[in-house]
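Engineer: My structure is below; once you've seen it, I'll send some questions.
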């Protein structure tokens, strides 16, 4: 593979279209941020760990161009993705008299991105925001597409809004400081893109997973770019998840049940999605679609990424109770994303519930 420099994609949504810049050392590129600021003032929302690593370089880059920076540091983690943390962000914005043209910048992983995006959607009925994701999972998934929100004790991401950013700045050099577990969690979402829409990308992942686990910069830029290309294409066609966008939730109905059933934060989101993807693949196989060899390829690739492929035993009834809270439920009927084969997914409401129970009995 030839050396990849900075990459730029666009999410095409008419007058709400925006660029995704991917590459190393993006967080010091104030020149990429300035054109998207409505006024020379920003509020950067981050957590203590990410803030220690990246808040100062981003702040210095912006202040040197005359931008006033308000740092807002909140506790991170899935268990903190709550109305209380949201209010901490809103309190800071109000106390410092941030205006409608003040841009929020989400500097962190998926939780920070979802919280900041939701705060931007509701503060003063909508202020601009920028995604600066620092985890692989956020760079390839949650920062793109405008899904924002918080968790509720009864379900994940049940309170939120579709609200698009002005810019996504994916600095792949930040991935070198990720813990191995966080990197693996992001790879679950990368694998998902190959499974649902691009069999060629799945094969590339099989051939290059060891390079990704080693954090090879070139392989990482390509994986992030291809993932974002697929997501941008889907979001441009179906922004509010009325059709094709639901395919991006492969493994998520099971995964969200795992996260809630174990208590939010016990498993990382990507870990739960990986185990949920295996459950979806097993159900697809039992329904006579996904072949045994393909099922084993799915399991093997997730294992090579360092991900769990065995779901926890929550009990069939508990799984079904939690899965019934999924946002894809329609008319009281559970719908699941299943695989016809690697690279071809569909949203199913007509699956065999007896087979589903069998899969959940021996996850």
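Engineer: In square nanometres, what is the average projected area of the Cα convex hull of the chain?
Structural biologist: Working: hull surface 66.1 nm².
Computed as one quarter of the Cα hull surface, the answer is 16.5 nm².
Engineer: Which whole-angstrom value gives the distance between the alpha carbon centres of segment 181-258 and segment 68-113?
Structural biologist: 27 Å
Engineer: Report, in deg cm²/dmol and to the nearest 500, the calculated mean residue ellipticity at 222 nm for the chain, where each DSSP H run with n ≥ 4 adds -39500 (n - 2.57) and the sum is divided by the residue count. Don't skip to the end; give the middle numbers.
Structural biologist: On the way: 12 runs with 151 residues, N = 363.
So the helix-based figure for the chain works out to -13000 deg cm²/dmol.
Engineer: Test of understanding: ordering 292, 141, 216 by Cβ neighbours within 10 Å, fewest first, what list do you get? Don't skip to the answer; put the middle values down first.
Structural biologist: On the way: 292 8, 141 27, 216 15.
Exposure proxy ranking, most exposed first: 292, 216, 141.
Engineer: Additional query: Report for the chain the percent antiparallel among DSSP-assigned beta bridges with both residues inside it, nearest 5.
Structural biologist: Details: 16 of 36 bridges.
Just about 45 percent of them are antiparallel.
Engineer: Have a look at 187, 314, 175 and tell me which one the Gaussian network model of the chain (Cα, springs below 10 Å) gives the largest fluctuation.
Structural biologist: 314
Engineer: Quick check on segment 180-361: what are the equivalent-ellipsoid semi-axes from the Cα gyration tensor, as sqrt(5λ), descending, whole Å?
Structural biologist: Numbers: eigenvalues 121, 66, 52 Å².
Ellipsoid semi-axes (Å, largest first): 25, 18, 16.
Engineer: So what is the diffusion coefficient of segment 171-239 in µm² per second by Stokes-Einstein at 25 °C and 0.890 mPa s, using a Kirkwood Rh over Cα pairs? Working shown, then result.
Structural biologist: Values: Rh = 12.4 Å.
Answer, rounded: 198 µm²/s.
Engineer: Once the mean 1/r over all distinct Cα pairs of segment 62-123 is inverted, what Kirkwood radius in angstroms do you read off?
Structural biologist: Numbers: mean 1/r = 0.0817 Å⁻¹.
Evaluated on segment 62-123, it is 12.2 Å.
Engineer: Take the Cα atoms of segment 7-177, build their convex hull, and give its volume per residue in Å³.
Structural biologist: Working: hull volume 17.5 nm³, N = 171.
In segment 7-177, the Cα convex hull volume per residue is 102 Å³.
Engineer: For a footprinting-style exposure proxy, rank 259, 12 by other Cβ within 10 Å, fewest first.
Structural biologist: Taking fewest neighbouring Cβ atoms as first place, the list is 12, 259.
Engineer: Among 239, 207, 358, rank each residue by its count of other Cβ atoms within 10 Å, from fewest to most, as a rough exposure measure. Spell out each step's value before the answer.
Structural biologist: Working: 239 18, 207 10, 358 14.
Final ranking by Cβ density, sparse to dense: 207, 358, 239.
Engineer: Find how much the distance from residue 125 to residue 325 grows on full extension, using 0.36 nm per residue of separation minus their present alpha carbon separation; answer in nm with one decimal.
Structural biologist: Working: separation 200, 0.36 × 200 = 72.00 nm, distance 2.77 nm.
The residue 125-residue 325 span can extend by a further 69.2 nm.
Engineer: Still on this structure: Could you give me the radius of gyration and the Dmax of segment 120-219, taking only the C-alpha atoms into account and expressing both in angstrom?
Structural biologist: When restricted to the Cα atoms of segment 120-219, Rg and Dmax are 15.6, 48 Å.
Engineer: Report the FRET efficiency, 1/(1 + (r/R0)^6), for residue 94 and residue 162, where r is their Cβ-Cβ distance and R0 is 25 Å, rounded to 0.05.
Structural biologist: Working: r = 24 Å, r/R0 = 0.96.
Calculated transfer efficiency: 0.55.
Engineer: Relative contact order of the chain: what whole-number percent is it, with Cα pairs under 8 angstrom and at least 6 residues apart? Write out the running numbers ahead of the final one.
Structural biologist: Numbers: 703 pairs, mean separation 56.7, N = 363.
Relative contact order, the chain: 16 percent.
Engineer: Report the full-extension gain for the segment residue 213 to residue 340: residue separation times 0.36 nm, less the Cα-Cα distance, to one decimal in nm. Provide the component values of the computation, followed by the final result.
Structural biologist: On the way: separation 127, 0.36 × 127 = 45.72 nm, distance 2.81 nm.
Result: 42.9 nm gained on full extension.
Coordinate-derived values only; no laboratory data. Owing to the predicted nature of the structure, the values given are computational and were not obtained by experimental measurement. FYI the Cβ positions are ideal-geometry reconstructions off the backbone, even for glycines, and counts take in every protein chain you see.
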